[in-house]
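Worksheet for the structure shown next.
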Amino acid sequence: MSLMISVSGIRGIVGDSLTPKNLSTFAMAFASWILRKQKDLNHHHPEKRPRIVIGRDTRPTGRAIGDLISNTLVLCGCDVIDIGIATTPTVEIAVAAEQANGGLIITASHNPVAWNALKMLNHHGEFLTNAQVDELLEIAEKELFIYAHWDTIGTISQNDRYDELHIEQVLHLPCIDTAAIAAQKFRVLVDCVEGAGFSIVPQLCKKLGIENIVPLACGGTGLFPRNPEPIEENLSGTISALKESRCDFALIVDPDVDRLAVICEDGSLFGEEYTLVACADFYLKQNNGPVANNLSSSRALRDIADKYGVKCYSAKVGEANVIEVMKQMDVVIGGEGNGGVILPELHYGRDALAGIALFVQAFTLWRTDNNGGSLSQFRQHFPDYFMSKQKITLGAIDRSSLENIFTDIARHYHNATANTLDGLKLDFADSWVHLRPSNTEPIVRIYAEAPSRARAEELASELKHDIEKRTLEL
């Protein structure tokens, strides 16, 4: 199992691909990259030490990795601000608030508990771009490290105020009306899968005006009771708990709280693709402007954009890629179809806390306008597409061979418009399919969307079979 390296950071299985050696190597590379940037920015004060914010999710390996990384950064001449267990978006906000030079988040997001990772942030509190990752990799490969002398090493300090600040910033969004939410008297199940949201998500819900909260997996143990990715196949226990507790809906986050999934009162999934769709539909009522998603996200966002007369842009998969397009096109709200909402008014990063606030406010507004109604009825308010998400393990296939396979497939499906910005996307008249190697796992993801579930499954299975067949022919 090799180490996964991308704009999403470096990740692997602890003790296998993610070892103390490569953790310290990348920490030294990150520190050295930051030190060079800091020297360029502060050439009048070269003695000033750069500051790096660190946070982690609740995984059992997080503290040990955090200590290793912190001490490595200190020995390279950086000051570390450790904010402890924190969500990914909270660390992003902390980097900006501290006016730090960068940030590191110790989390493997939706991967199982054996995995961990380093997510790397620049001085804006945003993920490194492809170009910045390439700069860092060159430092790591050539061992162009910068070390501190004994009398210039950095320091480590703790700061636990950022959960509170993050919640406060969400509540202060002009579009959020906590009194209106409180008037609905919602009863809500909150599933934090024992991750970093175990405390901050229930706190946010209460301050939004949701007094009646039923917590599930909110102990913060880091021992995930199920596969932590918040998709339908992993949520049967949450659905049962929702029905048993008779809640109005359930809010589910992943371990680092940058993705939000929602379950309706009847146990049906609102659909992770529709988290962003519902939030954008609400937000555009008050803040008109372009929207953005990635190439693997639902066409429903484009339909919402058409409704408000604005453009919808699609980027390569990966938060940094989406943010780059959002900045270029002055997008007011965007994200990814995995339940990730990016609200530039707050910060440039996927943020399930922002997503919760916008989503609950959107549902509140709809209920107010319609004199009540259930979440499943609210879901019917949006365009209806069905998506099939499948995958193939890469095995021994290299990227160049995969590109050749994609080229052959594009030639075969001549009735579709082919987009090769990120893997291969085939756009048909009423459907699409996207084939791409994952940034976070050694697999090829196959996403298909169509007006019916049967057609989406058929299209995804057809392309999966096509890849497997062509792989055997190599």
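The values are calculated or read from the model by the stated rules, or taken from the named source; none is laboratory data. Note that this is a predicted model, so its numbers are computed, not measured. Here Cβ is always computed from backbone atoms with ideal geometry, including for glycine, and neighbour counts include all displayed protein chains.
Name the one entry in ASP427, ASP466, ASP408, ASP422 that is closer than 17 Å to LEU295 by Cα, touching a residue at least 12 places away in the same chain (Cβ under 8 Å) and of a type in the set (Asp, Glu). Lay out the reasoning, then the answer.
Values: ASP427 fails: touching a residue at least 12 places away in the same chain (Cβ under 8 Å); ASP466 fails: closer than 17 Å to LEU295 by Cα; ASP408 fails: closer than 17 Å to LEU295 by Cα.
After ruling out the rest, the residue left standing is ASP422.
Restricting the search to region 427-474, which residues are charged (D, E, K, R), within 21 Å of ASP303 (Cβ to Cβ) and in a strand (DSSP E or B)? Spell out the reasoning first.
Keep residues of region 427-474 that are charged (D, E, K, R), which gives 427, 430, 436, 441, 445, 449, 453, 455, 457-458, 462, 464, 466, 468-470, 473.
Subsequent filtering for residues that are within 21 Å of ASP303 (Cβ to Cβ) retains 427, 430, 449, 453, 455.
Hits for region 427-474 are ASP427, GLU449.
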Test: residue in region 352-369 that is assigned to a loop (DSSP other than H, G, I, E, B) and in the same structural domain as ILE213 (by TED's automatic domain parsing): no
Residue within region 437-455 that is among the basic types (Lys, Arg), without any contact (Cβ under 8 Å) to a residue 60 or more places away in the chain and out of contact with any helix residue (DSSP H, G or I) (no Cβ under 8 Å at 6 or more places or on another chain) present: no
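Of all residues in region 113-157, which are assigned to a strand (DSSP E or B) and among the charged types (D, E, K, R)?
If we filter region 113-157 for residues that are assigned to a strand (DSSP E or B), which is where we start, we get 115-121, 127, 156-157.
Residue satisfying the conditions is LYS119 alone.
So which residues in region 318-338 are acidic (Asp, Glu) and assigned to a strand (DSSP E or B), if there are any at all?
First, the residues of region 318-338 that are acidic (Asp, Glu): 319, 324, 330, 336.
Passing the criteria: only GLU336.
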Hits in region 449-462 (condition: more than 26 Å from the chain's Cα centre (by Cα) and closer than 9 Å to VAL433 by Cβ): LEU459, GLU462
Residue within region 16-24 that is farther than 12 Å from LEU118 by Cα and buried (at least 18 other Cβ atoms within 10 Å of the Cβ) present: no
Of residues in region 351-395 being basic (Lys, Arg) and surrounded by 15 or more Cβ atoms within 10 Å (Cβ to Cβ), the one modelled with the lowest pLDDT: LYS389
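Okay, residues lined up against (1) closer than 25 Å to LEU269 by Cβ; (2) among the polar types (S, T, N, Q):
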position: ILE153; (1), (2): no, no
position: ALA180; (1), (2): no, no
position: GLN184; (1), (2): yes, yes
position: ARG187; (1), (2): yes, no
position: VAL190; (1), (2): yes, no
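I need a count of the residues in region 102-111 that are more than 18 Å from PRO20 (Cα to Cα) and at pLDDT 95 or above. First the steps, then the outcome.
At the first step, the residues of region 102-111 found to be more than 18 Å from PRO20 (Cα to Cα) are 102-103, 109-111.
Adding the requirement that they be at pLDDT 95 or above leaves 102-103.
Summing the residues that are more than 18 Å from PRO20 (Cα to Cα) and at pLDDT 95 or above in region 102-111 gives 2.
Of the residues GLY84, GLY77, only one is in a strand (DSSP E or B), in contact with a Gly (Cβ under 8 Å, 6 or more places away or on another chain), surrounded by fewer than 23 Cβ atoms within 10 Å (Cβ to Cβ) and on the phi > 0 side of the Ramachandran plot; which? Before you say what the answer is, go through the steps one by one.
Details: GLY77 fails: in a strand (DSSP E or B).
Every option except GLY84 fails the conditions.
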Those residues of region 135-170 which are of a type outside the set (S, T, N, Q), exposed (fewer than 13 other Cβ atoms within 10 Å of the Cβ) and over 23 Å from VAL91 (Cβ atoms), in sequence order: GLU138, GLU141, LYS142, GLU143, HIS149, TRP150, ASP151
Qualifying residues in region 242-275 (those that are buried (at least 19 other Cβ atoms within 10 Å of the Cβ) and of a type in the set (Gly, Ala, Ser)) - the one nearest to GLY84 (Cα to Cα): ALA261
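In contact (Cβ under 8 Å) with a residue 40 or more places away in the chain, in contact with a strand residue (DSSP E or B) (Cβ under 7 Å, 6 or more places away or on another chain), buried (at least 17 other Cβ atoms within 10 Å of the Cβ) and in a loop (DSSP other than H, G, I, E, B): which single residue out of ALA96, ALA108 fits that description?
On the way: ALA96 fails: in a loop (DSSP other than H, G, I, E, B).
Going through ALA96, ALA108 in turn, the sole match is ALA108.
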ASP266 under 23 Å from ILE176 (Cα atoms), part of a loop (DSSP other than H, G, I, E, B) and either touching a residue at least 24 places away in the same chain (Cβ under 8 Å) or out of contact with any Phe, Trp or Tyr (no Cβ under 6 Å at 6 or more places or on another chain) (or both): no
Pick from region 228-263, criterion of a type in the set (A, V, I, L, M) and outside any strand (DSSP E or B), ranking: modelled with the lowest pLDDT: ILE231
Options ASN287, ASN293; residue that is surrounded by 24 or more Cβ atoms within 10 Å (Cβ to Cβ) and in contact (Cβ under 8 Å) with a residue 24 or more places away in the chain: ASN293
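In region 218-242, what count of residues is obtained for those that are closer than 17 Å to ASP258 by Cα and among the small types (Gly, Ala, Ser)?
Start the filter on region 218-242 by keeping residues that are closer than 17 Å to ASP258 by Cα, which leaves 218, 220, 222, 224, 227-231.
Then drop every residue that is not among the small types (Gly, Ala, Ser), which leaves 220, 222.
Final tally of qualifying residues: 2.
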Residue match in region 209-220 (condition: free of Cβ contacts under 8 Å to residues at least 12 places away in the same chain and either more than 30 Å from ALA315 (Cβ to Cβ) or in a strand (DSSP E or B) (or both)): no
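From the list HIS434, HIS412, which residue is loosely packed, with under 14 Cβ neighbours inside 10 Å and of a type outside the set (Phe, Trp, Tyr)? Lay out the reasoning, then the answer.
Numbers: HIS434 fails: loosely packed, with under 14 Cβ neighbours inside 10 Å.
Selected residue: HIS412, the only one of HIS434, HIS412 that is loosely packed, with under 14 Cβ neighbours inside 10 Å and of a type outside the set (Phe, Trp, Tyr).
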